[in-house]
Amino acid sequence: MTWQDTDVPALRRRAERRHKMGRFGTYTIAIVFAFLAAFPFSWALISMFKQSNDLYVKDNNPFWFNEPPTLEHLRLLFVDTNYLTFIRNTLVVGLAVTLITLALALPVAYALARLRLRWGERMGIAIFLVYLIPPTLLFIPMTRVINYLGLQESLWALILVYPTITIPISAWLLMGFFKGIPMDLEEQAMVDGHSRIGAIGRVVLPLMFPGIIAVIVFAFTLSAHEFIYALAFNKSSAVKTIATGVPTELVRGDVFFWQSLQAAVILIAVPIALVFNAFLDRFITGFTMGAVKG
Amino acid sequence: MTAANAAGKRYLSDNPRFLAAVFMSPAVIYIIALVGFPFVLAIIYSFTDISTGNPELNFVGFETFRRVLADPVFREALWNTFLFAVIANLLVVVLATALAEVLIKDFKGKWLVRFLVLLPWVAPVSLATITWLWTLDSIFSPIDWVLRELGLITENMYWLGRPGSAMGSVIAVQVWRIVPLAAVIVMAGLIAIPSEINDAVAVDGAGSWRKRFQVTIPLLAPIIAVAVLFGVILTISDMSVVYVLTRGGPTNSTQVLSTWAFIKGIEGGALGQGAAVALFLLPVLIGITAVVLRLARRREVL
């Protein structure tokens, strides 16, 4: 049966019904996914304000404040633990990693995207392949290298090693952004008497702002996420990042400080999620530029 | 040819070959020193009996591998790594495709849905896993509370205390945290499908299910492959989920290669054996590399 055979009002009714069903389905699926994704976080959000004599009663409703909520555990987190140190360490590492990554990945991405090198394409793929070598494969010899350099138990260990993860993926992302900037702009600046370096600095780099933002977000996220190197290199709490500090330091023996622990997670996860949500469309565009168009 | 030539080579830096060498060598040297060198070292270590107590490189041939393979815990870890990766990524593909189709539509409250759905991915893995450790607590788990209230159970489930449910929990948490990333990748693919194709399908009168299986999914296949690629790397190489949730327990039933390499190599100090355990990831990674290279040759994806 083709659409010519059907009378038009019936077809329209069917289309409307399908449309309504579609909207209903969209909302149902969206709500189910949102619920499942957020469930442990919402439970964490409630737990962090609960009094211990409410939280640790097995048959109390876990989703309700059976006793008045308290900020005591939040205070404890900031006063009695090294949480602020972990955050500071994470930011310091993130900043240093961002600078190293930009300094090394921007030139590579430019060269591969712009200089029409004969082996440029192969080099681009090789850089992407480096990203496929996970820290799991390298952390044992890397620990020896870090010890040999005398960098164990310091933030320098992480600052030195994290760019090995950020440079490949950033170079790959930035290549996409460079390809999105018309070559004519740069050539015009060179005709106007600038050197190539001058043209890059004056004309190209300002237009790379979105790509640079992407790298900054990526480097800071990695510094907050990375677990295996941070756990292997640094064991004293003064040089832990949030990824290793929170799960290991807010536990005394077998006793978990659950409320403070959950507060520590919420205070990190929500801001990062807000930043990512704001940049999501740009990331998708960047990914599409780098990946799909090639 | 280009303006660069027209303007003449007034600066050394205008020479593309010179510029390429200057621009590429710092990063290439960095990567060779801190990825290439440790990689070679990892292979060398696995043929020695190096340990933190005795950091000499004594070559012992395949002895280290023999000892690693003789350990039943290692075989358990190898099997679990495989099992977790396969089950988790099958679920990820199905769920991420469904989620991506919803997220590219316009609807009220989309901003909030996107924010909530992204949480598992953007929160640091070890911290996100901590929320699950609490959610699956042996005594105070809210899931158990709901099940008790509904009268479905009388005793708690001890999710992380029994081998079967501990494995299920590890897989579920991996799926939970990877689905958002995979959905974002698939979204990029859905957006890239030209609207003329969708229009043509609509004119032909194909229903939404037929459209999904005969048009959308075949067009999406390459990008879904990219999502699976990331998913497999994340599941086989990640150790934070298992380390934080179960530390490989109960009785090594959730042990995977990454946690076993860490426990042997760093916590146990047997660097050679730890390196050898981690090297078993290499065949999978080489396989993935081959897929990437194939996709790269087809150009429309990479």
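Looking at the stretch B:161-170 only, could you name the residues that are modelled with pLDDT of 90 or more and surrounded by fewer than 21 Cβ atoms within 10 Å (Cβ to Cβ)?
Step one: filter the stretch B:161-170 for residues modelled with pLDDT of 90 or more, giving B:162-170.
Those that are modelled with pLDDT of 90 or more and surrounded by fewer than 21 Cβ atoms within 10 Å (Cβ to Cβ): B:Arg162, B:Pro163, B:Gly164, B:Ser165, B:Met167, B:Gly168.
Looking only at the stretch B:155-209, residues that are closer than 30 Å to B:Thr251 by Cα and of a type in the set (Val, Ile, Thr) come to 6 in all. Looking across the stretch B:97-118, the residues that are out of contact with any Leu (no Cβ under 8 Å at 6 or more places or on another chain), assigned to a helix (DSSP H, G or I) and either within 26 Å of B:Pro218 (Cα to Cα) or touching a residue at least 60 places away in the same chain (Cβ under 8 Å) (or both) come down to B:Ala98, B:Leu99, B:Val102, B:Leu103.
On the basis of being at pLDDT 90 or above and either among the hydrophobic types (A, V, I, L, M, F, W, C) or out of contact with any Gly (no Cβ under 6 Å at 6 or more places or on another chain) (or both), does B:Phe59 make the cut? For B:Phe59, the condition - at pLDDT 90 or above and either among the hydrophobic types (A, V, I, L, M, F, W, C) or out of contact with any Gly (no Cβ under 6 Å at 6 or more places or on another chain) (or both) - is not met.
Residues being more than 7 Å from chain A (Cβ to nearest Cβ), in a helix (DSSP H, G or I) and not charged (D, E, K, R): count how many of those fall in the stretch B:129-149. Before the answer, list the steps.
Residues of the stretch B:129-149 more than 7 Å from chain A (Cβ to nearest Cβ): B:129, B:133, B:136-138, B:141, B:143-144, B:146-149.
If we keep only those that are in a helix (DSSP H, G or I) as well, we get B:129, B:133, B:143-144, B:146-149.
Add one more test, that the residue is not charged (D, E, K, R), and what stays is B:129, B:133, B:143, B:146-147.
Count: 5.
With respect to the conditions (1) within 11 Å of chain B (Cβ to nearest Cβ); (2) farther than 30 Å from A:Ile266 by Cα; (3) touching a residue at least 40 places away in the same chain (Cβ under 8 Å), A:Phe177 lacks only one, and its number is (1).
Specify the residue that is modelled with the lowest pLDDT; the eligible residues are those in the stretch B:191-204 that are surrounded by 12 or more Cβ atoms within 10 Å (Cβ to Cβ) and farther than 18 Å from B:Leu103 by Cα. So that I can check it myself, show each step before the final result.
Residues of the stretch B:191-204 surrounded by 12 or more Cβ atoms within 10 Å (Cβ to Cβ): B:191-193, B:197-198, B:200-201, B:204.
This time we only want the ones that are farther than 18 Å from B:Leu103 by Cα, so: B:197, B:200-201, B:204.
Values: B:Ile197: 76, B:Ala200: 75, B:Val201: 73, B:Asp204: 70.
Out of the qualifying residues, it is B:Asp204.
Against the definition (of a type in the set (Lys, Arg) and either within 27 Å of B:Leu181 (Cβ to Cβ) or at the interface with chain B (Cβ under 10 Å from one of its Cβ atoms) (or both)), how does A:Arg252 come out, yes or no? Criteria not met by A:Arg252.
In the stretch A:220-229 there is at least one residue matching the filter, namely being closer than 23 Å to A:Pro271 by Cβ, more than 9 Å from chain B (Cβ to nearest Cβ), in a helix (DSSP H, G or I) and hydrophobic (A, V, I, L, M, F, W, C). All conditions in (1) surrounded by 15 or more Cβ atoms within 10 Å (Cβ to Cβ); (2) modelled with pLDDT of 90 or more hold for B:Val40, with the sole exception of (1). Annotation note: of A:Ala126, A:Ala113, A:Ala157, the sole residue that is modelled with pLDDT under 90 and under 18 Å from B:Pro38 (Cβ atoms) is A:Ala126. Can you find a residue that is over 15 Å from the mean Cα position of the chain (by Cα), over 20 Å from B:Thr259 (Cβ atoms) and either surrounded by fewer than 16 Cβ atoms within 10 Å (Cβ to Cβ) or away from chain A (no Cβ under 12 Å) (or both) anywhere in the stretch B:77-94? There is at least one residue in the stretch B:77-94 that is over 15 Å from the mean Cα position of the chain (by Cα), over 20 Å from B:Thr259 (Cβ atoms) and either surrounded by fewer than 16 Cβ atoms within 10 Å (Cβ to Cβ) or away from chain A (no Cβ under 12 Å) (or both).
Of the helices (runs of 4 or more DSSP H) lying entirely inside the stretch B:218-302, the ones with 1 or more residues being modelled with pLDDT under 90 are found at B:282-298.
The residue that is surrounded by the most Cβ atoms within 10 Å (Cβ to Cβ), counting only those in the stretch A:208-254 that are modelled with pLDDT of 90 or more and touching a Lys or Arg at 6+ places or on another chain (Cβ under 8 Å), is A:Ala230. Hey, among A:Ala111, A:Ala105, which residue is part of a helix (DSSP H, G or I), within 8 Å of chain B (Cβ to nearest Cβ), within 20 Å of the chain's Cα centre (by Cα) and closer than 21 Å to B:Tyr30 by Cβ? After ruling out the rest, the residue left standing is A:Ala105.
Within the stretch A:35-72, being within 8 Å of chain B (Cβ to nearest Cβ), in a loop (DSSP other than H, G, I, E, B) and surrounded by 17 or more Cβ atoms within 10 Å (Cβ to Cβ) holds for one residue alone: A:Pro62.
Criterion first (more than 9 Å from every other protein chain (Cβ to nearest Cβ) and within 13 Å of A:Thr81 (Cα to Cα)) does A:Phe257 satisfy it? Full working, then the answer.
On the way: more than 9 Å from every other protein chain (Cβ to nearest Cβ): yes; within 13 Å of A:Thr81 (Cα to Cα): yes.
When the stated conditions are applied, A:Phe257 passes them.
Determine whether the stretch B:248-269 contains at least one residue that is in contact (Cβ under 8 Å) with a residue 12 or more places away in the chain and of a type in the set (D, E, K, R). Yes, some residue in the stretch B:248-269 is in contact (Cβ under 8 Å) with a residue 12 or more places away in the chain and of a type in the set (D, E, K, R). Here A:Val97 clears all of (1) without any contact (Cβ under 8 Å) to a residue 60 or more places away in the chain; (2) in contact with a Leu (Cβ under 8 Å, 6 or more places away or on another chain) except the condition numbered (1). Contact annotation: residue pairs with Cβ atoms under 7 Å, 6 or more positions apart or on different chains, pairing a residue in the stretch A:138-152 that is over 18 Å from B:Thr48 (Cα atoms) with a partner that is part of a helix (DSSP H, G or I), are A:Ile146/A:Ala157; A:Ile146/A:Phe233; A:Leu151/A:Ala157; A:Leu151/A:Leu160; A:Gln152/A:Ile146; A:Gln152/A:Phe233. Going through (1) within 11 Å of chain A (Cβ to nearest Cβ); (2) under 22 Å from A:Tyr131 (Cβ atoms); (3) surrounded by 22 or more Cβ atoms within 10 Å (Cβ to Cβ) one by one, B:Pro222 falls short only on (3).
Is there any pair with a first residue in the stretch A:61-90 that is farther than 18 Å from A:Ala238 by Cα and a second that is among the polar types (S, T, N, Q) and part of a loop (DSSP other than H, G, I, E, B) whose Cβ atoms are under 6 Å apart and which are 6 or more apart or on different chains, and what are they? Hits for this filter: A:Asn66/A:Asn60; A:Glu67/A:Gln51; A:Thr70/A:Gln51.
The values are calculated or read from the model by the stated rules, or taken from the named source; none is laboratory data. Remember, it's a predicted structure, so these values are computed and weren't measured experimentally. Virtual Cβ from ideal backbone geometry, glycine too; neighbours counted across all protein chains shown.
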